[in-house]
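The values are calculated or read from the model by the stated rules, or taken from the named source; none is laboratory data. Every value quoted in this text rests on a predicted model; they were computed, and no experiment measured them. All Cβ positions, glycine included, derive from the backbone under ideal geometry; neighbour counts span all protein chains shown.
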C-alpha cells in the first residue's frame, strides 16, 4: 500500500468522524437529513471497500506484467480522488445540516465552520 492509499484511508476515516459528530448534534429535528447523510456515508464506505478490492486486483496485474506500475498508480489515484471527493461532500453536508439545526450555540456553529474550513483545505 502506498503513502497515497494510506492517506486516502486516513482521510476517509477523518471525514467519517466529522460526519458522525455532525449527525450526533442534529438531534431529533434532523431525522430526514440524518437518514440522507447516513445513506451517503454508506455509499462512500462501499466505494472505499471497492477501491481496496480494485487495488488488490491492480497489484496482481502489475505483478503479472499486464499493467505498468505507472498506469496502475494513475488509475488508483484517480479512483481514490473520486472516493475522497464523495467523502468530503458527505462530511460537508453533515456539517451544514448540523449547523442549520435549531438550538445550536454560536460556539458550536463556529466549531462547525472551522471544521468546514479544514475540510475545504484538506489535500
Restricting the first residue to the range 43-72 and requiring it to be free of Cβ contacts under 8 Å to residues at least 12 places away in the same chain and at negative phi, which pairs with a second residue that is part of a helix (DSSP H, G or I) and exposed (fewer than 13 other Cβ atoms within 10 Å of the Cβ) meet a Cβ separation below 7 Å and a spacing of at least six or different chains?
62/69
Can you find a residue in the range 75-83 that is surrounded by fewer than 15 Cβ atoms within 10 Å (Cβ to Cβ), out of contact with any helix residue (DSSP H, G or I) (no Cβ under 7 Å at 6 or more places or on another chain), over 29 Å from residue 36 (Cα atoms) and free of Cβ contacts under 8 Å to residues at least 40 places away in the same chain?
no
For the range 103-115, which positions are surrounded by fewer than 18 Cβ atoms within 10 Å (Cβ to Cβ) and in contact with a helix residue (DSSP H, G or I) (Cβ under 6 Å, 6 or more places away or on another chain)?
109
Helices (runs of 4 or more DSSP H) wholly inside the range 9-122 that include at least 1 residues being at pLDDT below 85 and over 20 Å from the mean Cα position of the chain (by Cα)
31-64, 106-121
